[in-house]
Amino acid sequence: MDSRSDPELSVIIPNWNGAAFLREVLACLGAGESAARMEILLVDNGSSDGSTDLARALQPRVRVIANAANAGFARAVNQGLHAAAGRYIAVINNDTAWSDDWLDGCRRFLDAEPAYDFAAPLVLRYGEREIVDSAGDGVNLRLMPHKHCCGQPADRPRGAGRRPLMSASCSAVLFRREFFVQYGAFDEDFFMYYEDVDLFFRAFLGGAQGCLLPEWTVFHHEGGSVGRYDEEILKNREYRIKNFLLIRNRVFFLVKNCPGSYLWLAWPLLAAELARSLGYHLVHGRLVLFLRAHWEAIRWLRAMWRKRRIVQGNRVVPFRRLVAALRG
């Protein structure tokens, strides 16, 4: 089968100044049984480090979709989705690597299990290869996103075996094409951060289900392109932008996705989380940023409310199942 004309698998790699990582991830994609049946779509967000030329030189099969400026993660992936021709769609971070063909393993699982809409490998830290980065993602009772088993030994999720997922890390996940047809693409209004939380949560409300396959492993340089979010670099402009987007996009996520019934039950938890965030930003001298982000969210309220009507209108998950999933 010619992967360029009739691919079974489309791999989308959003990239922004990720030249330092591309050599390894493209080498991984060129190995394994799945390589002959895939197309590789590198969506570049205006990199200035020669990423696109390097990608073409390293892997002639790469199809580069080049943006003149940073269009954000959500739009980059959506551009890849529009161009993708495969039955299965993989979204992979540029700062990942693996030694086993997890793409083929996840594809075979989805072929055999039609009840599942996506599958994800166990994601471990690149520099600590027996420590978990993500054994699937989730959302807790405060509607805060989290990574299952993050920081724990890899033996724990491996020992627990396969399990259903509400959401997965977009560092490495394989979808059926129909997932995006049924539940929509990433919301580009988020630009970056929370766009994956939004996608998976509204899909879960609509009945989607994924599965963790811990027998397959991916290694991830967490924050490779953007860097780690810690106290030493919060003063950096890029991290102020990240902080702003995290605050604003959480409001977007809540307005779009929180069912009214859950809001009535859990408003003390949601209020407590808001108070905690306010206190944190106040203590760290970021009150103005916190208020600006919420004001920006209010300005978008009408647009998010229109989207809410669609999300809640498509909801099929019963209230008890939602609460059970949030409890983990």
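The values are calculated or read from the model by the stated rules, or taken from the named source; none is laboratory data. Keep in mind it's a predicted model, so treat the numbers as computed, not measured. Note that we place each Cβ from the backbone using ideal geometry, even for glycine, and neighbour counts take in every protein chain shown.
Numbers at a glance
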item: Residues being part of a strand (DSSP E or B) and loosely packed, with under 15 Cβ neighbours inside 10 Å - total across the range 132-145; result: 0
item: Checklist (1) surrounded by fewer than 18 Cβ atoms within 10 Å (Cβ to Cβ); (2) among the charged types (D, E, K, R); (3) in a strand (DSSP E or B) applied to D6, failing item; result: (3)
item: Those residues of the range 153-165 which are in a loop (DSSP other than H, G, I, E, B) and surrounded by 14 or more Cβ atoms within 10 Å (Cβ to Cβ), in sequence order; result: A154, R162
item: Selection status of R75, at pLDDT below 95 and not aromatic (F, W, Y); result: no
item: Qualifying residues in the range 64-107 (those that are in contact with a Gly (Cβ under 6 Å, 6 or more places away or on another chain) and within 21 Å of N249 (Cβ to Cβ)) - the one surrounded by the fewest Cβ atoms within 10 Å (Cβ to Cβ); result: A69
item: Number of the condition not met by P60 [criteria: (1) closer than 30 Å to R108 by Cβ; (2) crowded, with 17+ Cβ neighbours inside 10 Å]; result: (2)
